[in-house]
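To start, the structure itself, in structure tokens.
What follows draws every value from the coordinates through simple rules; no lab data is involved. Just so it is clear, the structure is predicted and the values come from calculations on it, not from any experiment.
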Amino acid sequence: MTRKRNKEAMNRKKRVLVVEDDGALEHFWEFILDRVGPHVEMAWAESVEEAEALLAKEKERGRDFDLLIVDIYLLGGKTGLEMWEKHRNEAGAPPFIVTSSLSTGQFIKAGGTGPGLPCYLQKPLDPKECIPMIEGLLSRPHAPAA
């Protein structure tokens, strides 16, 4: 990567897609991402299907997301774990955070095990846990798919 492209990558906004069927949490995630910094912008989807459509549309535009935050159990349709399973081995796939009211033990029993396990946040969500996790994941080098 040339120095100019490296600088451009550092200066661009980080894009986070939140997939959550509880609309009341949209304001929570806006609050959290505002605390992470002005270099972060959020997109919102209420289902895996809506998120997949948004991912495809943005990919056509040559824009990728830097982080996906996905609730495990969404009303109707696919689960957040199914979305993670689909994308986790793709070249340039962004990191995932999955959320649920399940305890960590219950999450593992629900299928949250294996290589490349996504980061996990238990509801009720705590800003003291969310902010450092997001900052850490967004600071990692991420090579968006070409």
Rounded to the angstrom and largest first, Cα extents along the principal axes for the range 10-139 equal 40, 32, 28
For the table LYS57/LYS86; LYS14/LYS78; LYS13/LYS57, the rows whose alpha-carbon distance is greater than 21 Å are LYS14/LYS78
